[in-house]
Amino acid sequence: MISEHTVKAFDEDITRLRGLITEMGGLAETALEGALDALIRGDEVLAERIVADDRKLDTLEIEVDRLAVKIIALRAPMADDLREVIAALKIAGVVERIGDYAKNIAKRVGQIEGRTRFEPLTLLPAMADLAAEMVHDVLTAYAARDPALAREVIASDKKVDAFYNSIFRNLVSHMVENPATISSAAQLLFVARNIERIGDHATNVAEMVYFAATGSYPLDDDS
Amino acid sequence: MHKPLVLPWAGLMIAAASAILIALSGIPVPYALAIWLVWSLTLLISQPHEPIVESDPRPEGLSRESLIGMIENAHSPLLLVDRKRVLIANASARALLGEHVVGQDVRVAIRHPRAIALMDSDTHGEAIVTGLVRRKDVYRVSRYAIDDHTAVIELISKTAESDVSRAHTDFVANASHELRTPLSSIIGYVETLSEHPEDIDEATARKFLDTIHREAQRLQNLVSDLMSLSRVEAEKHDRPDAPVDLNHLVERAAREGAGANRSERVTFEAEGQFEVLGDTQQLEQLVRNLVDNALKYGRPDSPVVLRLTESALGEAKLEVVDQGEGIEPEHLPHLTRRFYRTDPGRSRMSGGTGLGLAIVKHIVERHHGRLDIESEVGQGTTVTVRIPQYHAPGATEDTQAAEETSSDRVTQVPQSGEAPPAT
C-alpha cells in the first residue's frame, strides 16, 4: 500500500494532480498517433479533429498549474512531495508541447500533394513509431514512478535523432532530384523535425520522472 | 437523538379520571393531585423504548475483504473505482497495469481519452482503447456503475481480433509486394532487351530471357497459389462429404509433387487402409505442397519419407519427414502465415511463393484435421497431418469410393511405383 499522509486532503490533491497529468499524457499520445495516421492516410477530417482537440490539453494544463500552485501554497509540501508537485508542474508544460507538435503535424496533412506517389512519406512511419513508443513509455514510467523505464526512454532518444538525420539527408536529396516536389518535401522535413522534437520532449519528461522518483537527475551524457 | 415524543394518551386519561374520582370520594385534593402526578410520570417513564437497531455482528452485505476475495482471482482484469480512485484491483489487473495502480487516480491506470470520458460518466458503458499497456494493444474497457460514485471497470483484450484485421490488410500489402517484385524484374529485362538490342550479344540475351521466363513462372505460381488459397478459404466452413481413399491419393500426389527427376528420393509407407471425407483436389494439393517443401528444404539427395498410420486418437495420420537443416523454434509458430519466410532469399531462389503452408493449413482445417510441425535444427522437419477417418457404413462401399477417387488409374496397388517401401 502507498504511504498515506496525515492530512487526507493532501493525498487527494496529489492523486488528482497525477490523474490530471496522465490524462494530459493520454490526450497527447492519442493526438500523436492520430496525427501520424492522418498524415499517412491523408485523412484531413481526422487531422482537423486533432487540431480541435488540442484545446482540451491547454485547459488541462491550466488546471494542473492551478492545482500545483494551490498545493504548494496551502500544504507547503516537503521532500518527495515537493518533488512530485514540481515535476508535475514541469511535465504538464512539456506534455502540452508534445500535443502542440502533434497538432502541427496534423496541420500539415492538407499541404502534401500527390500523397500516394510521394515516396519520402514512407520514411516517416518508422521514425514516428519510435517517438510514439517513447511517449507511451514515458507516460507509463510516470504512472508507475519507474526510474528504470525513464532511463530507457532517455537512451532511445539517440535512435530518433539518428533517424532524423537520415531522413533529413534523404529528403534533401529528394528535393534536389525532384524540384517540383520541394514544397511537399519541405513540409515533411518539418514533420520529421516535429517528431524529433517530440522525442526530445519525451526525454525531458523522462528526466522529470526520474527526478521525482529518485531526487537526482540522470547523468546527461548526450547533448 | 430526537425522537418524536409519543404520549400514552389512554394511560394519562385513566390516571386523570382516577385522580378526579379520588378527589370526589373525599380525599384531599393535594393527595389526589400527587397520585395523578406520580401515576402520569410512571406512565411516561415506563414507556416502552423503540427497539434499538443493533448493528448485526455478521452483516448480510459483503465486506471489503470479501469483495476483494471475490474478484481477486477473476480471469479478466477488474478494478473497483470509488470517485475516480482505484480502490481494488484484482490480481490480473495488477499484473496487467502494475502494482502501483491501487490507490491511484484511475486516469493513472487508464489514460486514453475515450476511457477517461467513460470514467467521467456515471452510467454503464464501454470504450475501445488502444495502447493500454503496450502501444499497439487494443482493449475493451467496460464500466459497470454500482452506485453514483463506485463502479467496476473490466478490461478485455481485443488485441488478437484487431490483429486478424491487421493481418488482412497486411495480406493485401504483402500480396501486391510479392506480385510486384517479379513484375518489375520482367519489365526491367524486357526494356533492356528492346531498347538496346544492338548492345546485347546472343548469350546475354539468352540469360535475360531465362530470367524473364523464371520470373514469369514465379508470377504464374503465385497467382495460382493465391487463387487456390482464396478458394480454400471461401469453402473453409463446409466440410467435404465425399469419401476418399487416402493411400492411393497420397501415393499419387507425392509422385506428382516430386516430379520425374526427384521422385526416387520419395518413399511412401502405409500401415493399413485409410479413408477420409475429403476433397480430392485439395488433398492432392496438400500432399504436393508438403512433399515439395520437404524436397526443397531437405539436404540434396536425402530421402523424404511419407508415412500413413493411425494416430492414437484413431485418425488417419500422414507424416512427411525430411532430413534437412530443420527450422529454428522461433519460426515454428509463424510458418503457416502467408508470405512468412524464415529465409526470404533462399525461398525465392527455389521458387517458393510463401503460400504453400498457408494453403495446407486451410485445407487441413476444412477437413476438420490438425496440422503439426516439429523440427530439430540439424536433423530435419516432420510435418504431421491428422484427419478423422471415414468408416463406410457397409464394406461394399469401400471399393465403390475407391473407384470414385481413382479416376484415371485403376492400378490399385498402394505401394507400387517408383517409391519402394523402406521399412
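Brief remarks on what is shown
- Annotation: amide H of B:Val266 within the under-5 Å range of B:Val304, sequence separation 5 or more or interchain, hydrogens built in the peptide plane.
- Full-extension gain in nm, B:Ala234 to B:Lys158, via 0.36 nm per residue minus C-alpha separation: 24.9 nm
- Between helix A:124-144 and chain A there is an angle of about 0 degrees, using the helix long axis and the longest principal axis of the Cα atoms.
- Report note on the peptides A:31-40, B:77-86: ranked by the mean count of other C-beta atoms within 10 Å, highest first, their order is A:31-40, B:77-86.
- The mean number of partner chain beta-carbon atoms within 10 angstrom of a residue's beta-carbon across peptide B:135-148 is 1.
- Geometric descriptor of segment A:66-223, per residue, is 109 Å³ (volume of the convex hull of the Cα atoms).
- Ranking of B:Asp372, A:Asp53 by neighbouring Cβ atoms within 10 Å, starting from the fewest: B:Asp372, A:Asp53.
- Averaged over the residues of A:144-157, the number of partner chain Cβ atoms lying within 10 Å of the residue Cβ comes to 1.
- Kirkwood-based shape ratio for the protein assembly as shown, expressed as Rg/Rh from alpha carbons: 1.22
- Taking every residue in B:95-103 and counting other chain Cβ atoms within 10 Å of its Cβ, the average works out to 3.
- Residue exposure proxy: A:Ile91, B:Ile153, B:Ile20, ordered by other Cβ atoms within 10 angstrom of their Cβ from fewest to most, comes out as B:Ile20, B:Ile153, A:Ile91.
- Computed lengthening from B:Asp122 to B:Ser76, 0.36 nm per intervening residue step minus Cα-Cα distance: 14.4 nm
- From phi via Karplus (6.51, -1.76, 1.60), per-residue ³J(HN,Hα) for segment B:240-255 in Hz, x at Gly/Pro: x, 10, 8, x, 10, 7, 5, 4, 5, 5, 4, 4, 5, 5, 5, 5
- Label-point gap, in nm, between A:Asn170 and B:Ala242 - each point 7 angstrom along Cα→Cβ: 5.2
- When the Cα convex hull of segment B:88-158 is projected onto planes of every orientation, the mean area is 4.3 nm².
- Inter-probe distance in nm under a simple model that places probes 7 Å from Cα toward Cβ, at B:His177 and A:Arg41: 2.0
- Relative contact order of chain A: 26 percent, from C-alpha pairs under 8 Å at least 6 residues apart in sequence.
- Whole-Hz Karplus values for segment A:148-159 come out as 5, 5, 4, 4, 4, 4, 4, 5, 7, 5, 4, 5 Hz, taken residue by residue from phi with 6.51 cos²θ - 1.76 cosθ + 1.60 and θ = phi - 60°; glycine and proline positions read x.
- Overall dimensions of segment B:233-344 as given by Cα atoms, namely Rg and Dmax in Å: 14.9, 40
- Of A:Lys8/A:Lys70; A:Lys8/B:Lys84; B:Lys136/B:Lys236; B:Lys158/B:Lys236, those spanning more than 18 Å from alpha-carbon to alpha-carbon: B:Lys136/B:Lys236; B:Lys158/B:Lys236
- Rounded FRET efficiency, nearest 0.05, which uses the C-beta distance separating A:Asp161 from B:Val223 and R0 of 51 Å: 0.70
- Reported to the nearest whole Å, the Cα centre-to-centre distance from segment A:13-38 to segment B:212-244 is 47.
- The ranking of A:Ser183, B:Ser18 by Cβ neighbour count inside 10 Å, starting from the fewest, reads A:Ser183, B:Ser18.
- Normalised contact order of segment B:243-405, rounded percent, pairs of Cα under 8 Å and 6 or more residues apart: 26
- Here B:Leu7 and B:Ile27 are evaluated by their C-beta separation; at R0 = 22 Å the FRET efficiency comes out at 0.25.
Quick note: the coordinates plus some simple rules give every number you see, no bench work behind them. Since the model is a prediction, treat every value here as computed from it, not as a measurement. FYI the Cβ positions are ideal-geometry reconstructions off the backbone, even for glycines, and counts take in every protein chain you see.
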